[in-house]
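What follows is a single structure, written as structure tokens, with notes after it.
The values are calculated or read from the model by the stated rules, or taken from the named source; none is laboratory data. Owing to the predicted nature of the structure, the values given are computational and were not obtained by experimental measurement. As a convention, Cβ positions derive from the backbone with ideal geometry for all residues, glycine included, and neighbour counts pool all protein chains shown. Please note that ligands, DNA and RNA were not included when accessible areas were found on the heavy atoms of the full protein model with its side chains. Shrake-Rupley method; radii C 1.70, N 1.55, O 1.52, S 1.80 Å.
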Amino acid sequence: MRVLAIDTSTAAVQAALVDLDDDELFLTSFRREVDARGHVEKLAPFIEGCLADAGRTVKDVDAVVAGIGPGPFTGLRVGMVTAAAFADGAGIPVYGVCSLDGIGANTRGRALAATDARRKEIYWAVYEDGVREGEPQVGKASELPETGADYAIGEGASKYAAELPMEAEATPIYPDLVKLVELAGPRLLAGAPSEQLTPLYLRRPDAQPAEAAPKA
Amino acid sequence: MKNNPVVMGIETSCDETGVGIVRGHELLADAVASSVDEHARFGGVVPEVASRAHLEAMVPTVQRALDDAGLTLADLDGIAVTAGPGLAGALMVGVGAAKAYSLATGIPLYGVNHLSAHIAVDTLENGPIPEPAIGLLVSGGHSSIMMVEDLAGKVTQLGASIDDAAGEAFDKVARLLGLPFPGGPYIDKAAKEGDRAFVRFPRGLTAAKDMEKHRYDFSFSGLKTAVARWIEAQRAEGNNVPVNDVAAAFQEAVCDVLTQKAILAAKEHGVGTILLGGGVAANSRLRTLAVERAEDAGITLRYPRPKLCTDNGAMVAALGSHLVSAGVAPSVIDFPANSSMDVEVVSLANRL
Ligand SMILES: [Zn+2]
């Protein structure tokens, strides 16, 4: 089956077409550009480009898989609404996968996968041989609790390498779209019902309370 | 070009997730999901709260609109979306969705201006707009006098608020009076029981020297301050503040300036039609005063029903339908969501 995969949980705007047959995965076409402010402009043309590169049309796409964060909210929402609307428009199902798993599930040993949460914070989770332990967290890179991780990987790890207590991979790694499709594989192959995508925000909205009302 | 095109409009520039569907000038669906209740306790729209609500509501609201219209996406001739101006993160949800629907269906996409859409919505109630026309757009985000020479391409701004939007002034004064958010409807209601001439609050930018430089511009922050000072002074003297009277006198000051300047703009430009739009156009006093003054000046005043004045998808669909009918080229899919979109750009095809 042919899957459109999207992730905008990091500064990378990413789209890909991935073929999934039983447990075989094949990356057919892929577009990525690191542009933290370019999600809404670039993502749709990237999807168009992926289809064109593969010589396919929308009718050839059987499902959509989207990274649901955690990630900076504005860009993340662009990818998620794009995935949801594309799937609705094409009449195909959409499935969400934790974006950090697109990094952590590719690791071996005990690893910290981290993306940039801005304001000197990271979104992170610990993986043991590629399997996530617990829910993703957000916090200051310099105040990371004891994790036992031997190394850190991901855009947030390379950016805040100096503040992290463990060795960090210098190259920024972004969520792997093929991995996201693999993780959604059981749902895709089973034809599971389409999902309402809910972002992993991890933070409450910054709400500026109204100015204090004058004394009555 | 196709007559009576069926167009879906998507609007997410502020706190309403709106999806409307029109056929020509006929309104087929106007689905709106609002997050206004979530903002009420903050006394203003919180952008992140609005954006979260848009994402949640987007696809269900599209489905609701299609169901209400008894149509499927395949029946559409165009998809229009507010590309700006508005809250950046909120706009991006609508623009992202519209692009994806267009990609998935092959239906042409039009990125349009929110302000022109406020004008276009009048066609759903009153038919084609005579051109030229003057648009008086008043809401929580804008207070503008627009000159509409061609709704499909030539819309210019004659004047606008140089500080607070009129709707913002309503919200702020409502807060001073202990009335809930959004302030407009509560002030309107209180004012009905009040005396408009109870106190004369200042009319911003109406003095002779201001009229030279800011002939069609508005200013409402001084008015808000004047109301605040007046209330303070009363309290300092131990007097009760007559909420209804203050609401009525404040509302009168706003509506007086808005209507006066819009009529002046029409007269001085030899334009015979004024269109009222925006959330504040639902204000009953603004309508009454505008009707009276337009009649005296021999000008036709048009306005849609209150539900169509506030932000909704129907207005975006109405403008989209007009653009499709006029044969305007669709937008290219890489257009941005532009929070400070130039009021004079009606649709993003203009730039190509
Ligand atoms: Zn508006």
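Structure values in brief
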| read-out | value |
| --- | --- |
| Probe 1.4 Å, accessible area per residue of chain B, Å² | 36 Å² |
| All aspartates and glutamates inside 17 Å of B:K192 as judged from Cα atoms, apart from same-chain residues fewer than 8 positions distant | B:D245, B:E252, B:D256 |
| With Cα atoms, 0 to 90° folded angle of helix A:73-90 axis to chain A main axis | 20 degrees |
| Using a Förster distance of 56 Å, the FRET efficiency for B:R235-A:E128 (Cβ separation, nearest 0.05) | 0.30 |
| Surface share of carbon and sulfur [accessible, 1.4 angstrom probe, percent] for region B:244-352 | 49 percent |
| For region A:23-41, residues shielded by at least 50 square angstrom of accessible area compared with the chain on its own, probe 1.4 Å | A:V40, A:E41 |
| Helix B:166-176 axis, angle to chain B major axis (alpha carbon atoms, nearest 10°) | 50 degrees |
| Accessible area expressed per residue, region A:101-168, with surrounding protein chains retained (probe 1.4 Å, Å²) | 46 Å² |
| Proportion of all alpha-carbon pairs of region A:101-168 beyond 20 Å (%) | 12 percent |
| Region A:101-168: relative contact order as a whole-number percent, Cα under 8 Å and 6+ apart | 33 percent |
| Contact order normalised by residue count of region B:1-110, Cα under 8 Å, 6+ apart, percent | 32 percent |
| Threshold 50 Å², region B:173-205 residues less accessible with all protein chains present than alone (1.4 Å probe) | B:R175 |
| Residue-span extension gain [B:T156 to B:K267] - 0.36 nm each, minus C-alpha spacing | 38.3 nm |
| Part-to-part distance (alpha-carbon centres) for region B:307-342 and region A:57-77, which is given in Å | 25 Å |
| Isotropically averaged projected area of region B:1-44, using the convex hull of Cα atoms (one quarter of hull area), nm² | 3.7 nm² |
| Principal-axis tilt of helix B:47-69 within chain B, Cα atoms, nearest 10 degrees | 60 degrees |
| For B:V173, net neighbour charge (Lys/Arg +1, Asp/Glu -1) across residues whose Cβ lies under 11 Å away | 0 |
| Rounded if a/c under 1.5, otherwise prolate or oblate - chain B, Cα gyration tensor axes | prolate |
| Percent accessible area from carbon and sulfur atoms, region A:100-208, protein chains only, probe 1.4 Å | 49 percent |
| Neighbour count of at most 12 Cβ within 10 Å plus DSSP loop: longest GluC sites (Glu not before Pro)-free window in chain B | B:1-192 |
| Over chain B: helical MRE at 222 nm, DSSP H runs n ≥ 4 each giving -39500 (n - 2.57), nearest 500 | -14000 deg cm²/dmol |
| Alpha carbon convex hull of region A:1-129, volume per residue in cubic angstrom | 102 Å³ |
| Within chain A, longest stretch free of exposed trypsin sites (Lys or Arg not before Pro) [DSSP loop, at most 14 other beta carbons within 10 Å] | A:121-202 |
| Pairwise centroid distance, computed over Cα atoms, of region B:246-260 with region A:118-138, Å | 55 Å |
| Evaluated over region B:3-116, the Cα radius of gyration and Dmax, each in Å | 13.7, 46 |
| Farthest toward positive dipole pole in the protein assembly as shown [+1 Lys/Arg, -1 Asp/Glu at C-beta], among B:A226, B:A282, B:Y110 | B:A226 |
| Within-11-Å neighbourhood charge of B:L27 [Cβ basis; K, R +1; D, E -1] | -1 |
| Value of relative contact order over chain A, rounded to a whole percent, pairs C-alpha under 8 Å and six or more apart | 21 percent |
| Net charge over other residues, Cβ less than 9 angstrom from the Cβ of B:V148 (K, R count +1; D, E count -1) | -2 |
| Pairs beyond 26 Å (Cα-Cα), from B:K154/B:K261; B:K209/B:K267; A:K42/A:K140; B:K154/B:K224; B:K154/B:K189 | A:K42/A:K140; B:K154/B:K224; B:K154/B:K189 |
| Solvent-accessible area buried by pairing B with A, both sides, nearest 100 square angstrom, 1.4 angstrom probe | 2800 Å² |
